[in-house]
Amino acid sequence: MRDLLDYRAEFPILEHTTYLINHSLAAMPRRAEERLAEYARTWRERGIRAWGEGWWTTPMTVGDQVGRIVGAPPGTTVMHQNVAIAEAVVLSCFLPPDVARNRVVYERGNFPSVRYLYQAQPQLEVVVCEDDEEIVEAIDERTLLVPISHVLFKTAEIQDVEPIVRRAHEVGAHVILDCYQSAGIVPVDLTALDVDFAVGGSVKWLCGGPGNGWLYVRPDLVERLNPTYTGWQAHETPFAFEEEMRFASGAARFLTGTPNVPAHFAGTAGYDLIEEIGVERIRANSLRQTQLLIDLAEDAGFDVRSPRPSERRGGTVTIHVPDFPAVHRELAERQILCDFRPDAGIRLGPHYYNTDDELRHVVGQVEEILATGAHERHLGVVAHH
């Protein structure tokens, strides 16, 4: 078994940066560049023949690989450009809603992109809750969909999914689990969780780059639902160019138009590494390193805005310090890559290829920046933007 730090050589950007922004855009695997070159060679040499030689089926074959990582059976996961599209496809299965069941029970801590989608539907009533316990209380016979995040993006808090799923199913509602901040860093078993749908993407812990969103549909729902947000790849015989829709079998019926083939080529490089190492091993290392970050931050007198209990903590530690947007800007100039979120603080997200010394370095640099006032020259710039 390879030591986790042996994988550092797979990520070129680690040679010249302290890369702790894996919760936003993980480092690019070296092999992603090779896969993109393979895509370009195929296009150059095979041309139109490439569609029949593998391109057309990448949403399903790559989807199955993501499915293996998140505990989904073969044929239940397909690739989309992003989560907003994936959730729109799910939502389209239930429009127009029954007037007696038109509520979407939503958590305020979810990533806001999805909220925009539901709020834009005049026939839906969006009920916003403050935490997972309030979600359970809000779900009733009027509830249609319950979109929740497995891990909240600002604080990295893991949500208690099981009671939400249980309550939703009691009243005939459907749960959509957003695994964007968990897949690849926190073990996910969609089959065991019994969620109706799950969505996610690959720019974060899966190291798969942009354009690689994904959608899981529970096996018993796959053949029962007919999305109205659809396209020709969802057709049973797309190249027959029939005038009427006949849905494909399996999760392919939840596809839309022409697939994002180059993104799928690139994404598999990161997925291969996650499968090789195993999410359980990645999680154990993540818990150790996030605890180290918490201890270092607290020793420095910083306010930690992420959960202390390991069972409720995802892969990121959010540290609130004075003038954190300006501190973040100064860190970037020192080749320490992290980010911040309003009303939260600086987010630090180590992955399996980060060293403990890098974590000590970043906390030490924040201490020095605040002690010397090095960030103050950025205050006007940050305020302007």
Quiz item: What order do you get for 326-335, 310-319 when each peptide is scored by the mean count of other beta carbon atoms within 10 Å, highest first?
Solution: 310-319, 326-335
Quiz item: D for region 7-124, whole µm²/s, Stokes-Einstein with Kirkwood Rh over alpha-carbon pairs at 4 °C and 1.567 mPa s: what number?
Solution: 71 µm²/s
Quiz item: Long-range amide H contacts for VAL175: which residues qualify at under 5 Å (H placed 1.01 Å from N, peptide plane, sequence gap of 5 or more or a different chain)?
Solution: VAL146, ASP196, PHE197
Self-check item: Span per principal axis, largest first, for the Cα atoms of region 132-269 (Å)
Solution: 49, 38, 22
Self-check item: C-alpha long axis of helix 279-299 to longest principal axis of the chain, angle in °
Solution: 40 degrees
Exercise. Any chance you could list P(r) for region 11-78, counting all Cα-Cα pairs in 5 angstrom bins from zero, rounded to whole %?
Key: 4, 14, 14, 16, 18, 17, 11, 5, 1
Quiz item: How big is the equivalent ellipsoid of region 251-385 along its three axes, where each semi-axis is √(5λ) from the Cα gyration tensor, reported in whole Å from largest to smallest?
Solution: 32, 21, 14
Quiz item: In 10 Å bins starting at 0, how do the alpha-carbon pair distances of region 147-205 split up by percent?
Solution: 24, 56, 18, 2
Quiz item: Starting at 0 and stepping by 10 Å, how many percent of the alpha carbon pairs of region 226-285 end up in each bin?
Solution: 20, 31, 24, 19, 6, 0
Quiz item: How far is helix 161-170 tilted, in degrees, relative to the longest principal axis of the Cα atoms in the chain, given as a value from 0 to 90 rounded to the nearest 10?
Solution: 30 degrees
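Taking the Cα centre of the chain as origin, work out the dipole magnitude from +1 charges on Lys and Arg Cβ and -1 charges on Asp and Glu Cβ, in debye rounded to 20.
860 debye
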Quiz item: Taking N as the number of residues in the chain, what is its alpha-carbon radius of gyration divided by 2.2 N^0.38 Å?
Solution: 1.03
Practice problem: Compute the Rg to Rh ratio over region 54-173 from the alpha carbon atoms, using the Kirkwood formula for Rh, and round to two decimal places. | Solution: 0.99
Exercise. Mind checking which of THR256, ILE158, THR17 is farthest towards the positive end of the chain's charge dipole, using Cβ charges of +1 (Lys, Arg) and -1 (Asp, Glu) about the Cα centre?
Key: THR256
Exercise. Grab the DSSP H runs of the chain that are 4 residues or longer, score each as -39,500 (n - 2.57), total them, divide by all residues and round the 222 nm result to the nearest 500 deg cm²/dmol.
Key: -11000 deg cm²/dmol
Quiz item: Stretch ASP343-ALA50 to full length: gain in nm at 0.36 nm per residue minus the Cα-Cα span?
Solution: 100.7 nm
Quiz item: Which whole-number percentage describes the relative contact order of the chain, with Cα contacts under 8 Å and a sequence gap of 6 or more?
Solution: 21 percent
Quiz item: In degrees, nearest 10, range 0 to 90: what is the angle between the Cα axis of helix 356-372 and the longest Cα principal axis of the chain?
Solution: 60 degrees
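Throughout, read-outs are computed from the coordinates displayed, never taken from laboratory work. All figures in this text were calculated on a predicted structure; none of them were measured in a lab. With ideal geometry, Cβ positions are generated from the backbone for all residues, glycine too; neighbour counts draw on all protein chains shown.
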